[in-house]
1. At a probe radius of 1.4 Å, what is the per-residue accessible area of residue 312, in Å² to the nearest 10?
2. For residue 167 and residue 31, calculate 0.36 nm times their separation in residues minus their Cα-Cα distance, and state this gained length in nm to one decimal.
3. Hey, if we sort 109, 79 by accessible area with the 1.4 Å probe, largest down, what's the order?
4. Can you give the percent of C-alpha pairs in region 112-191 whose distance is more than 21 Å?
5. Provide 296, 248, 182, 163 ordered by accessible surface of protein heavy atoms (probe 1.4 Å), highest first.
6. Before I look further, what does region 90-135 give for accessible area per residue, probe 1.4 Å, in whole square angstrom?
7. Ignoring everything but the protein chains, give the 1.4 Å probe accessible area of residue 128 in square angstrom, nearest 10.
Amino acid sequence: MNRRDLLSGLAAAGAIGAAGQARAQDIRIDNAAALNGVGQAVIGAFSVAFLTSRDDRARAGGGLLGSAGGGNSMARTALEGLSDADFQNATDALFADFTAQVQGAGFTLGDRAPLLEAVRRLNGTPFESGGQYEVILGRNSNADSRVFSPSSLDGVWVPREAMNLINLPRFQAGRSGVGFAMGAQNFARQSGQAVVNAVYVVDFAQADAYGGAFAYSSRVDVAAGLSLTPEASRVFAYAPNGRVATAMVRQPIAVGGDFGTFADTTSGGMRATQAAVNAVTLLTRGYSNSSRQYVMTADPVLWAEGIGDLGRVGNSRLIGALRGR
């Protein structure tokens, strides 16, 4: 077996006989037929948000009458050990694979310069690569991220369809996102070429929160692992017919592997634990108020290998979904 085990929702589904159904549930596909017969394309936006820290919370209400007091649980997890160069190199590798897989899916790629002219006529401007922005993962979770674009492109574009995923400065995000979408759609209609885009949110840990108004206790379970975050990571294309074809991750697409160490660094608590990332699941359990802090220290070489594996799987799944594969 390959050193890295695929942990996507497909694998979690279990039985081989249910594989087709599991794949359909993992990816949400909208308007893929809009690309039928389209063989020419231009790469538009390609942006990757690498989560660097995340806060996950759970609350218990204390039972039916609240008499048990309940409690809050919080896990704060940070990613360390990586430089800007590591993030940039990983983004460039993801983009190289993405471009190759777009071509492998039957698209001939054209010149991007006319697309950028169309976008800038509508005031579209990119953000600088490497900026730090908040990502809202859900009602009980939020994260900080570093957002990168490939070195060969002109900056971070976050089109209208992805504006609610990353908490960018509102005015510039609105102007840039809407300007990019409108310019790209005009270009697609006039040129007969699809404009293919990707926005990926890459997580380094997964957390499950347990609690509720009628629960006596709350708990946050944290496990390490690289994944494309659901409801955020997506590939979408502006088709020449004016429609937008989208493939969005619904269940995490993930890989496991020993890409660093995961440590419980909570001060004043139990003795800190440390183990290989692929060998430990760290738990936060709260019967009153409880908070724990974890640090994932990545090995840059092993982390890059994991990102490469994740990108190949994610690109294949999402691009294939747009092409009906």
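1. Number for this one is 120 Å².
2. Working: separation 136, 0.36 × 136 = 48.96 nm, distance 2.67 nm.
Taking 0.36 nm per residue and subtracting the Cα distance, the gain is 46.3 nm.
3. Values: 109 50, 79 25 Å².
My answer, sorted largest first, is 109, 79.
4. On the way: 964 of 3160 pairs.
Tail of the P(r) past 21 Å holds 31 percent of the pairs.
5. Numbers: 296 0, 248 20, 182 85, 163 60 Å².
Solvent-accessible surface, decreasing: 182, 163, 248, 296.
6. Numbers: 2140 Å² over 46 residues.
Accessible area per residue, region 90-135: 47 Å².
7. 150
The values are calculated or read from the model by the stated rules, or taken from the named source; none is laboratory data. Source: prediction; values computed, not measured. Surface accessibility is based on the protein's heavy atoms, side chains included, excluding ligands, DNA and RNA. Shrake-Rupley method; radii C 1.70, N 1.55, O 1.52, S 1.80 Å.
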